[in-house]
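Chemist: Take this structure first; my questions come after.
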């Protein structure tokens, strides 16, 4: 049960932190140093490659749903002259959120 809570903290934390910052590469070292390495790898003896790779993928799910990643989400709507400037983000939410759930399951089963 504690392992699942740790996995959720890392995955959802990366997702939310990336949505706030707009970039998974900025959120990755912070979440890895705060929760990923000390909790999941050192305490619960998780596989570091699986924890960190899938943690980064959870961050990329956050990139899909944030206007902070303007080069991915706002510029395409401007170039395509879409009526709704958040149309790209609205289209990607249906992919990003379920993919986060898959990443949580993958990390739980592959790293532990």
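The values are calculated or read from the model by the stated rules, or taken from the named source; none is laboratory data. What you are looking at is a predicted structure, and each value in this text was computed from that prediction instead of being measured. Glycine gets a Cβ as well: all are built from the backbone with ideal geometry, and neighbour counts include every protein chain shown.
Chemist: Collect the residues in the stretch 95-112 that are more than 14 Å from the chain's Cα centre (by Cα) and either part of a loop (DSSP other than H, G, I, E, B) or within 10 Å of residue 65 (Cβ to Cβ) (or both), keeping them in residue-number order. Let's see the steps before the verdict.
Modeler: Taking the stretch 95-112 first, the residues more than 14 Å from the chain's Cα centre (by Cα) are 108-112.
Passing the criteria: only 112.
Chemist: So, in the stretch 46-70, how many residues would count as being closer than 18 Å to residue 34 by Cα and surrounded by 14 or more Cβ atoms within 10 Å (Cβ to Cβ)? It would help to see each step written out before you state the result.
Modeler: We begin by selecting, within the stretch 46-70, every residue closer than 18 Å to residue 34 by Cα; these are 46-59.
Remaining after also requiring surrounded by 14 or more Cβ atoms within 10 Å (Cβ to Cβ): 46-48, 50-59.
The total comes to 13.
Chemist: Would you kindly identify the helices (runs of 4 or more DSSP H) lying entirely within the stretch 1-80 that contain at least 2 residues that are modelled with pLDDT of 95 or more, under 23 Å from residue 109 (Cα atoms) and touching a helix residue (DSSP H, G or I) at 6+ places or on another chain (Cβ under 6 Å)?
Modeler: Values: elements: 2-21, 24-31, 48-64, 70-73, 75-79.
So the answer is 2-21, 48-64.
Chemist: Another one. Scan the stretch 71-85 for residues that are within 21 Å of residue 15 (Cβ to Cβ) and exposed (fewer than 13 other Cβ atoms within 10 Å of the Cβ) and jot them down.
Modeler: Result: 71, single match.
Chemist: So, one more: Would you say residue 30 is closer than 17 Å to residue 103 by Cβ, surrounded by fewer than 16 Cβ atoms within 10 Å (Cβ to Cβ) and without any contact (Cβ under 8 Å) to a residue 24 or more places away in the chain? Steps first, please.
Modeler: Details: closer than 17 Å to residue 103 by Cβ: no; surrounded by fewer than 16 Cβ atoms within 10 Å (Cβ to Cβ): yes; without any contact (Cβ under 8 Å) to a residue 24 or more places away in the chain: yes.
In short, no.
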